[in-house]
Amino acid sequence: GIEQDDLFVPIESETNELKLELATEVVYTDNEFLKEYLTGTESEERYTLVHSKVRPDMAKALGLTPLSQFLDISEDTFEDAGQCEPLTTRLKNILTDYKDGLTIIKELLQNADDAEATEVNICYDARVHSADPKKLFFPGMADSHGPALIVHNNKTFSDDDFKNITQLAGGTKQNKPLKIGKFGIGFCSVYHITDVPSFVSRDYLYIFDPTLKHLQKAVSNPARPGKKTKFTQKVISTSQQLQPYTGLFEFDSKRLYDGTMFRLPFRKAYSEISSTFYSESTVQELLEEMKKSNSNLLLFLQHVKKIT
């Protein structure tokens, strides 16, 4: 094999000429901030940077020295350390402002009304679906394929709606005064029921997993603990991932869905978000309360004319 002392690699130069340098004398960028610091300041450090066409993974394989190592900066002395609050803590605090029970239904009704839906259907789904991880696109979701509260409306999500529901402050609705609910915050009331809400609309499946106990390795950025995917893709539609939606309100995983359906599987164990447990009897009481309040609920809605 080639010894590193005999290996020459292309390096960055101020001209377009190809220049080579011994690999032992060359570093590669593993931290853009450090690179910008060295190029933008009068640093006394002298180094030779590998050509930008050489990818970091290739540079590492060639045995080049990382820039951070060259500067003697280790991860534990140069790491992110700003103040932050876990999303689970934030959600737990939000739930103290949103009462359990009928409040959840009211928030989901207001969100449907904001989307200009005319009909909302709410039901208890007692079915238990495939829990075989090998048959699921997201294996960790197997535990959530039991009984759930289903909330359906006859309007599809707009691009703004998709954006809004991922923001706790409900960003884009603030500029529309006729919108009653602020999607992000109001929607969070569903965490009284579940730790892993999901929904389908158009050709998208969204799953939110603040505790990261269900999506696990599927989430690459823990700061955004959820997944958005096109369920019409063959690899997903042919798995049993969408089984909990199948058979409800004309949903078919092989075509665009003309409506929006939320699925709130019941929490099975205490979590960092809530210690509230829903059961069939709890949901039936909730649905009875909703029926009694039906006419009053409609008074505050502009577009929804029917709740079942």
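The values are calculated or read from the model by the stated rules, or taken from the named source; none is laboratory data. Keep in mind that this is a model prediction, so the values were computed, not measured. Neighbour counts run over all protein chains shown; Cβ positions are idealised from the backbone, glycine included. What goes into the accessible areas is simple: the full protein's heavy atoms, side chains included, and nothing from ligands, DNA or RNA. Shrake-Rupley method; radii C 1.70, N 1.55, O 1.52, S 1.80 Å.
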Evaluate the relative contact order of segment 213-308 (contact order divided by residue number), counting alpha-carbon pairs under 8 angstrom at least 6 apart; express in whole percent. 12 percent
Compactness ratio of segment 80-157: Cα Rg over 2.2 N^0.38 Å, N = residue count? 1.48
Backbone N within segment 82-123 under 15 Å of label point (7 Å from Ser275 Cα along the Cβ vector): 92-93, 96
In segment 62-156, what chymotrypsin sites (Phe, Trp or Tyr not before Pro) fall in a loop by DSSP, with at most 13 other Cβ atoms inside 10 Å? Phe78
GluC sites (Glu not before Pro) within segment 92-142, DSSP loop, no more than 15 other Cβ atoms inside 10 Å: Glu116
With a ≥ b ≥ c from the Cα gyration tensor eigenvalues, square-rooted, and the rule rounded for a/c under 1.5, otherwise prolate when a/b > b/c and oblate otherwise, segment 245-308 is oblate
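Carbon and sulfur: what percent of the chain's accessible surface (1.4 Å probe)?
49 percent
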Top mean-square fluctuation among Ser237, Ser74, Ser275, Gaussian network model of the chain, C-alpha springs under 10 Å? Ser74
Segment 216-308: which chymotrypsin sites (Phe, Trp or Tyr not before Pro) are DSSP loop and have at most 13 other beta-carbon atoms within 10 angstrom? Tyr270, Phe277, Phe300
Regression test value, accessible area per residue of segment 52-144, probe 1.4 Å, units Å², expected 60 Å²
The chain: D in µm²/s via Stokes-Einstein (Kirkwood Rh, Cα pairs, 37 °C, 0.692 mPa s)? 144 µm²/s
Beyond 25 Å (Cα-Cα) in this structure, taken from Lys92/Lys213; Lys230/Lys306; Lys106/Lys306; Lys92/Lys155, we find Lys230/Lys306; Lys92/Lys155
Determine the per residue accessible area of segment 223-308 with all protein chains present and a 1.4 angstrom probe, expressed in square angstrom. 58 Å²
To check my understanding: the extent here is largest minus smallest coordinate of the Cα atoms along each principal axis. What are those three numbers for segment 195-247, in Å, largest first? 31, 19, 19
Pulled fully out, how much extra length does the chain show between Lys213 and Leu299, if you take 0.36 nm times their separation in residues and subtract their Cα-Cα distance? 27.0 nm
Area accessible to solvent at Met141, 1.4 Å probe radius, in Å²: 10 Å²
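Run the numbers on the chain and let me know its relative contact order in percent, using alpha-carbon pairs under 8 Å that are six or more apart.
Averaging sequence separation for qualifying contacts and normalising by length gives 19 percent for the chain.
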Would you tally the net charge around Pro210, using a Cβ to Cβ cut-off of less than 11 Å, leaving Pro210 out, and scoring K and R as +1, D and E as -1? +1
Over every pair of different alpha-carbon atoms in segment 28-122, take the mean of 1/r and invert it; report that Kirkwood radius in Å. 18.8 Å
